Amino acid sequence: MIIDCHGHYTTAPAQLEGWRAEQVAGKAVGVPKISDDELRESLEKAQLKLQRERGADLTIFSPRASKMEHHVGNEQVSQDWTRVCNDIIHRIVELYPKNFVGVCQLPQSPGISPANCIEELERCVNELGFIGCNLNPDPSGGYWGAPPLTDKFWYPFYEKMVELDVPAMVHVTGSCNPCFHATGAHYINADTTAFMQFIQGNLFKDFPTLKMVIPHGGGAVPYHWGRYRGLAQDMKKPLLTEHLLNNVFFDTCVYHQPGIDLLFKVIPLKNILFGSEMVGAVRGIDPETGNFYDDTKIYVDNLGLTPEQLNAVYDGNIRHVYPRISQHIAKHA
Ligand SMILES: [Zn+2]
C-alpha cells in the first residue's frame, strides 16, 4: 500500500473562505453551506485525480495549513474555525474512506495554553476517527511568542497525545510577518527550529512514546546534519540516534531529486515517511524533468531501494508513527 502522510484540503469550495471572512468580521452564523457534491467535485479533479495518476492509495488528510491562522482573532475564533475545518475533513473521509484518513487542526491561539486543545483532539480522535494532529509551534504566525516545544507549557497536550497514541506533525500556518514567505520561509524555518528545540531539550526522556513528524523533509536539518550532531555533542547530549530518532520523523516533501537523495543518505530509513503535500505549496511542473515538483513518489522510486525498503517508506514506517491508521484501513478494506 502507498500512503501519503501529508495532504491538506487546499481545494475547498469558495463558501469555506466566504464563511471564514464573515467569521473574522464577526458576522458568521451556523456552518458553511457546502454540499457533498461540491466536496466531491473539489477533490475529484484535484487530490483524487493526482492520487490515481501518481499511484498513491491513501492520504493522511488535514485542513489547509496556511489557513489554520491561529494568529487571527481570539481563542474562540480559533475554536470555532477549527471545528468547522475538522468537520469538513470528517465529511471527506466519510465520502472517501479508502482515499483519505483524517488528521486534525488544533484550536491554538497566541498566549493560550495548549491544554485548551485537548477537547478538540479527543473529539477528533474518539468521535471522528482521526489519527493525528497538526501542532503549530508558533501560533503568533511568524513572531515566535510561544515557549519552545520542549517547554512544560506543552506537556498537558503531549500527555493526551500519548494517551490517545496519536502523533503530531509540527506544522506552522500562514505568516503575518512580511519577512517570512509562508511556504518558502516560515514553513522551512519552523521545521528547522523545531528540530533544534528538540536537541536542546529532553522532551523524549519525559515522553518516550511521543512521536513528532517534521514535514518538508525536515527543513534544513538533513543538509546540516553535521552541524546538528556537533551541536548536540557540544551540549553533552546523547547521540541524535538515541536522543531524537526514536521519536522524530521526516517526510519526503522535498521537491527535487538531489534533495531526496540527500535525505535518504543522511537520515535513517526508519525515520522517513512518504509524503507529497499535494495539492499544496508548489503546484507547477519542473521544466528540467517535465514532472510536477510535488510528485515526490518519482524521486523515491528513483532511489533504487529494495522492495522491503520501499514498503517501509510507503507503508510500514507510517503505520508505526500513526498506529491508528491500521484500524482505519482494516475497517474500510
Ligand atoms: Zn503541509
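Brief remarks on what is shown
- Arranged from fewest to most other beta-carbon atoms within 10 Å of their beta carbon, Asp151, Asp138, Asp57 become Asp151, Asp57, Asp138.
- Over 24 Å (Cα to Cα) - which of Lys49/Lys98; Lys211/Lys265; Lys152/Lys236; Lys67/Lys331 fall in this group: Lys67/Lys331
- Region 149-262: C-alpha gyration tensor shape, a/c 1.5 cut-off, then a/b vs b/c: oblate
- Additional length obtainable on full extension of the chain from Val31 to Glu122, 0.36 nm per residue less Cα span: 30.7 nm
- Mean-square fluctuations from a GNM of the chain, with a 10 angstrom spring cutoff on Cα atoms, peak among Met161, Met235, Met278 at Met235.
- Overall dimensions of region 39-126 as given by Cα atoms, namely Rg and Dmax in Å: 14.4, 43
- Amide H partners (placed H, <5 Å) of His71, local residues excluded: none
- Measuring r between the beta carbons of Glu44 and Phe153 and using R0 = 51 Å, the FRET efficiency lands at 0.75.
- Between region 240-295 and region 30-72, the alpha-carbon center distance in angstrom: 21 Å
- Antiparallel content of DSSP bridges confined to the chain, in %, to 5: 5 percent
- Exposure proxy order (Cβ contacts within 10 Å, fewest to most) of Arg227, Arg20, Arg91: Arg227, Arg91, Arg20
- Linear extension gain, Val162 paired with Met1, 0.36 nm per residue minus alpha-carbon span: 55.3 nm
- Springs join every pair of Cα atoms under 10 Å in this Gaussian network model of the chain, and among Pro215, Pro148, Pro258 the largest mean-square fluctuation is at Pro258.
- Order of Leu273, Leu164 under a 10 Å beta carbon neighbour criterion, fewest first: Leu164, Leu273
- Within a Gaussian network of the chain (alpha carbon springs, distance under 10 Å), most fluctuating of Glu288, Glu277, Glu122: Glu288
- The aspartates and glutamates within cross-link reach of Lys270, meaning a Cα-to-Cα straight distance under 18 Å and a gap of 8 or more places when in the same chain, are Asp4, Glu242, Asp251, Asp261, Asp301, Glu308, Asp315.
- Label zone at Arg227, where the point sits 7 Å out along the Cα-to-Cβ direction: region 176-196 residues whose backbone N lies under 15 Å: 188-196
- In summary, no helical segment of the chain meets the span-like criteria, namely a full DSSP H run, a Cα extent along the axis of 27 angstrom or more and a mean Kyte-Doolittle hydropathy of at least 1.0.
- Comparing Cα centroids, region 118-132 and region 148-178 end up 15 angstrom apart.
Any read-out appearing in this document is the output of simple, stated calculations on the displayed coordinates, not a laboratory observation. Just so we're clear, the structure is a prediction, and the values are computed from it rather than from any experiment. We place every Cβ from the backbone using ideal geometry, glycine too, and count neighbours over all the protein chains shown.
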